[in-house]
Amino acid sequence: MGLLKTIEEKLGLLKYKFDRESHISIEQESFKQDPTQAILYVCPAKVYTKNEEDGSCIVNYENCVECGTCRIAAPQHVRWFYPKGGMGVNYRQG
Ligand code: SF4
């Protein structure tokens, strides 16, 4: 195995402390009407997926790495706040 890792391998090294409440919400009607639905493609942690049955956006907030990309790519759909204190991703090792 080489020194370089895929993004999926790197994400697998992160530690998370899950909150029961999501720190992300989606304006679903706005999302459904967006022809680009960019948030499905910009998130490095694949937090957003499309429900093919009803066209809504599924949010797997537990995987969020708090990069902020979705807030820039789709501010009209995303309501994103930092997780409550002590929750979310932990970048510190050890
Ligand atoms: S902040 Fe980053 S990791 Fe979290 S949902 Fe948005 S794009 Fe994905």
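Answer yes or no: is there a residue in segment 11-19 that is on the phi < 0 side of the Ramachandran plot, within 15 Å of the ligand (Cβ to nearest atom) and modelled with pLDDT of 95 or more.
No: zero hits.
Return only the number of the condition from (1) over 21 Å from LYS10 (Cβ atoms); (2) assigned to a strand (DSSP E or B); (3) in contact with a helix residue (DSSP H, G or I) (Cβ under 9 Å, 6 or more places away or on another chain) that PHE31 does not satisfy.
So PHE31 meets the others, but not (2).
Which members of segment 49-61 meet the condition of being surrounded by 15 or more Cβ atoms within 10 Å (Cβ to Cβ) and either basic (Lys, Arg) or under 16 Å from GLU8 (Cβ atoms) (or both)?
Answer for segment 49-61, where residues must be surrounded by 15 or more Cβ atoms within 10 Å (Cβ to Cβ) and either basic (Lys, Arg) or under 16 Å from GLU8 (Cβ atoms) (or both): just LYS50.
If we scan segment 67-78, do we find a residue that is away from the ligand (no atom under 15 Å from the Cβ), loosely packed, with under 14 Cβ neighbours inside 10 Å and part of a loop (DSSP other than H, G, I, E, B)? Before the answer, list the steps.
Restricting attention to segment 67-78, the residues satisfying the condition of being away from the ligand (no atom under 15 Å from the Cβ) are none.
Checking segment 67-78: not a single residue is away from the ligand (no atom under 15 Å from the Cβ), loosely packed, with under 14 Cβ neighbours inside 10 Å and part of a loop (DSSP other than H, G, I, E, B).
Could you tell me whether any residue of segment 47-66 is assigned to a loop (DSSP other than H, G, I, E, B) and of a type in the set (Lys, Arg)?
The first filter runs over segment 47-66 and keeps only residues assigned to a loop (DSSP other than H, G, I, E, B), leaving 47, 51-56, 60, 64-66.
Now narrow it down to the ones that are of a type in the set (Lys, Arg): none.
Among the residues of segment 47-66, not one is assigned to a loop (DSSP other than H, G, I, E, B) and of a type in the set (Lys, Arg), which makes the answer no.
Just to be sure, is GLU29 among the charged types (D, E, K, R), open to solvent by 50 Å² or more (accessible area, probe 1.4 Å) and away from the ligand (no atom under 11 Å from the Cβ)? Steps first, answer last, please.
Details: among the charged types (D, E, K, R): yes; open to solvent by 50 Å² or more (accessible area, probe 1.4 Å): yes; away from the ligand (no atom under 11 Å from the Cβ): yes.
So GLU29 passes the test.
The values are calculated or read from the model by the stated rules, or taken from the named source; none is laboratory data. The structure displayed is predicted, hence computed values, not measured ones. Glycine gets a Cβ as well: all are built from the backbone with ideal geometry, and neighbour counts include every protein chain shown. Surface areas here come from the heavy atoms of the whole protein model, side chains and all, with no ligands, DNA or RNA. Shrake-Rupley method; radii C 1.70, N 1.55, O 1.52, S 1.80 Å.
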